[in-house]
Each structure stands twice: as C-alpha cells, then as structure tokens.
Amino acid sequence: MKAVQVEEAGGALTVVEKPIPDPGAGEVRVAVRACGICHSDAFVKDGTYPGIQYPRVPGHEVTGVVDAVGDGVTQWSEGQRVGVGWHGGHCFTCDACRAGDFVNCANAKVTGISFDGGYAEYMVAPAEAVAALPDALAFDEAAPLLCAGITTYNALRNADLSPGDLVAVQGIGGLGHLAVQYASMFGMEVAALSRGTDKEELAHELGADHFIDTTAHDPSEALQALGGARVILATAPNSKAISQLTGGVGRDGTLLIVAATGEPIEVSPMALIQGRRSVSGWPSGTPDDSEDTLDFSALTGIAPEIEVYDLEDAADAYDRMINNEARFRVVLQP
Ligand SMILES: NC(=O)c1ccc[n+]([C@@H]2O[C@H](COP(=O)([O-])OP(=O)(O)OC[C@H]3O[C@@H](n4cnc5c(N)ncnc54)[C@H](OP(=O)(O)O)[C@@H]3O)[C@@H](O)[C@H]2O)c1
Ligand SMILES: [Zn+2]
C-alpha cells in the first residue's frame, strides 16, 4: 500500500510503499477513505511528543471502511463505515479505565503516534478506538470531525454554558471554524478572534456574531466591551496569544484551552480572584464522544470547510496547514 511517513523527528513527510498491515487480536483494519491534517500532526513531524518511534505514519482524523477484523472482535464487521480519532485505545484494567474514564487510561494509545495512523491506504487500530460513522456523512467532510470536531464539540458541551452566553473562539483554523459553528448551533452569542481581517466574512458565514481582529484591537478589552466572555475557547497554538485573553473572561467565566502549546501561559491571580474566573483545558474524548459529535453534526448539518488533496501530496497539504493557508482543514484522500 501507499503511505506517507515521517522517517525521523524533524524529517520530511515521505511517500513510501509498505505492506498492508494485518489486524492482530482485538484490532480492526480500516481501508482509509479520508484523513484530515490536524495541527497536532506537528508533534509527529517535529518529534515533540514523548516516546514516538520512527518511522511513523501520522494521521488521527480518519474515516474509512472496516476491511478486516482480528480475533475476538465482535463489535465491528467488514464493510462498516467508521472513524478513528486521537484516542487510540485503552487498557480496560487501570484505575481510570475501571472508573470508565478511558481518556485518562494510564496506558492510553494515541492514533498516528503510538501506532501508524491515517496518512495511508490502510491502517490498523484497536477495536475500542473505532467509532461508527453515520451514513449521512461523507468520508472527506467527516474526517476532521474525528479530532477538530470532537475536541471543540466536547469541550463546549461540557462547559458551564447557557443559551445566549458569550463564547469567544480564538484562532479560526481547523478547530476554531468548527467551534464557531457548534457554539452558534448551541445558541451562544459567538465572537471570533483572529489575527487580521482575512477570515472576517467566513467567520460570520459560519455563525459568528462578532469578529475581533486581534492585531488591531486588544482582545480582552474588546470582549469586556461585549460584557466579558462566559467561555473563551483558545485554539491558537501560541501561549503569548492565549495569555492576552485572560482579561476578556467575564465573571464566573473560563478560559478553556484546547490549543496544545508547550510554553507556559501567563495569568494574573488577581484577575482570577476578582470575578471567580478560571483557566482550564480539555482533551478530545473517546470514540463514544466521537459518535456523539458525528451524530450531532449529521443532525444539524455542521461540517468543516475542507480542501481535498491526494495522499501523495501530503507534504504540500501539511504546509498549507502549518502556514495558516488552509480554509479551513486539509483532508488527504488515498
Ligand atoms: N485539546 C485537544 O485534544 C486538541 C485536539 C486537536 C488539536 N489540538 C491543538 O489545537 C491547536 C489548533 O489546532 P488546529 O488543527 O485547529 O490548528 P490550525 O488549523 O493550524 O489553526 C490554528 C489557528 O490558530 C491561529 N494561529 C496559528 N498560529 C498562531 C500564532 N503563532 N499566534 C496566534 N494565533 C495563531 C490561526 O488562526 P487566525 O488566523 O484566525 O489567527 C490558525 O488558523 C493546536 O495546538 C493543536 O495541537 C488540541
Ligand atoms: Zn488532532
């Protein structure tokens, strides 16, 4: 099969021929139909996630069809439409798993990091990492929902929000452009925060009520002028930019971080004390959460805006993502 892999930390995305992998016990082979390029794939490309063994095939926004199942797999069968996201499986036996908290499994695996992901014609995943894909969703448009979608949908639906609350979304990229749509569909007043005005019209089309150009306006002042945000969902992978938001959180509000940056953020304790503001984070979720995301998206017609590339052109496609040129998610098709 054809696959695209990173040969070593910091190496290029290289097109290679590999044997089609066979599913072991408890595993499922997926014939990949589409795979989104998430900013978190930079972890694999740059080698900034602990414990990656190279060469590694990235990709954790995967949709496809079950093509073969290993011994002991009863919940999936050949021909089923499925998706695979960041959560790449769990052990069922650690304390967290026994408490049903699979995301925090002590032995959790990550798709495209612990094992080869979806930049390929086929991939193999643990059966518990697989989600059912509704027939109503196309493979290419559904792929980004398996990470960008679930992360923003799940973060927002678990936040302390009521219809009409002001929700700010910082960074209108793969995650952000879906967050604007979900927040709007949840009945929130939505402010999109972006560097420049390029995305202003698109943000309004996606459901944003306000657009704040953070290069022209202090985002905290602009949000306070709107009454302060109940939730600011930070998706921009830059800690300095996230630190500029803390003053925009309203009373009892939360700076909710999904951007996976390594640098510390700065926040004033006084700002947290006055107004009982908080700072928190959110990981993507489990395949159950993915199924909820997919079902909700099918129900409401929410879909990512995508640019489709051939698998062989993964390097160019990745560059569009990393250079902030994609509107808004690049999807690879084998
Ligand atoms: N928590 C989780 O489970 C989870 C899941 C998926 C991804 N992530 C993380 O979430 C972040 C966003 O991922 P993505 O796939 O949405 O990325 P993306 O498509 O590249 O979008 C990120 C957006 O952030 C803004 N941005 C980029 N660089 C910036 C900088 N240096 N300073 C300020 N703003 C910047 C840009 O928006 P504007 O042009 O509008 O400013 C850009 O479109 C990444 O850190 C990724 O690793 C976390
Ligand atoms: Zn991702």
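The values are calculated or read from the model by the stated rules, or taken from the named source; none is laboratory data. Fair warning: this is a prediction, and the values are worked out from it, not measured in the lab. Here the Cβ is made from the backbone with ideal geometry for all residues, glycine too, and neighbour counts use every protein chain on show. Please note that ligands, DNA and RNA were not included when accessible areas were found on the heavy atoms of the full protein model with its side chains. Shrake-Rupley method; radii C 1.70, N 1.55, O 1.52, S 1.80 Å.
Loop-only check: which GluC sites (Glu not before Pro) in region 202-294 are DSSP coil with at most 15 other Cβ within 10 angstrom?
Sites meeting the loop and neighbour criteria: Glu266.
How many angstrom separate the Cα center of region 12-52 from the Cα center of region 90-115?
19 Å
Mind scanning Lys109/Lys199; Lys45/Lys109; Lys2/Lys45 and naming the pairs with a C-alpha gap bigger than 25 Å?
Lys109/Lys199
Mind checking which of Ala298, Pro334, Tyr153 is farthest towards the positive end of the chain's charge dipole, using Cβ charges of +1 (Lys, Arg) and -1 (Asp, Glu) about the Cα centre?
Of Ala298, Pro334, Tyr153, it is Tyr153.
Please give me the summed charge of the neighbours of Arg276: other residues whose Cβ is under 15 Å from its Cβ, Lys and Arg +1, Asp and Glu -1.
+1
From the P(r) of region 96-190, can you give the percent of Cα pairs sitting at distances over 15 Å?
In whole percent, the long-distance tail amounts to 71.
Quick query: amide H of Leu193 versus all other amide H atoms, modeled in the peptide plane; which residues come in under 5 Å with a sequence gap of 5 or more or a different chain?
HN-HN under 5 Å from Leu193: Val169, Gln170, Gly171, Ile212.
Could you tell me the extents of the chain's C-alpha atoms along the three principal axes, largest first, rounded to whole Å?
Cα spread of the chain along its principal axes, largest to smallest: 58, 43, 37 Å.
Return the sequence-ordered ³J(HN,Hα) values of region 258-275 in whole Hz as given by the Karplus equation 6.51 cos²θ - 1.76 cosθ + 1.60 applied to θ = phi - 60°, using x for Gly and Pro.
Here the 3J(HN,Hα) series is 10, 4, 9, 9, x, 7, x, 9, 10, 8, 7, x, 4, 5, 6, 5, 6, x Hz.
Can you list the HN-Hα couplings for region 112-118, worked out from phi with the Karplus curve (6.51, -1.76, 1.60; θ = phi - 60°), rounded to whole Hz and with x for Gly and Pro?
Here the 3J(HN,Hα) series is x, 10, 6, 9, 5, x, x Hz.
Leaving out ligands and nucleic acids, note down the accessible area per residue over the chain with a 1.4 angstrom probe, in whole Å².
Roughly 42 Å² per residue, with all protein chains present.
Provide the packing ranking of 171-181, 126-136, 27-37, i.e. peptides ordered by the mean count of other C-beta atoms within 10 Å per residue, highest first.
So the peptides 171-181, 126-136, 27-37, ranked by packing, come out 171-181, 27-37, 126-136.
Check which residues have an amide H placed less than 5 Å from Arg33's amide H, if you skip close sequence neighbours.
Under 5 Å from the amide H of Arg33 lie the amide H atoms of Thr63, Gly64, Val65, each far enough along the sequence or on another chain.
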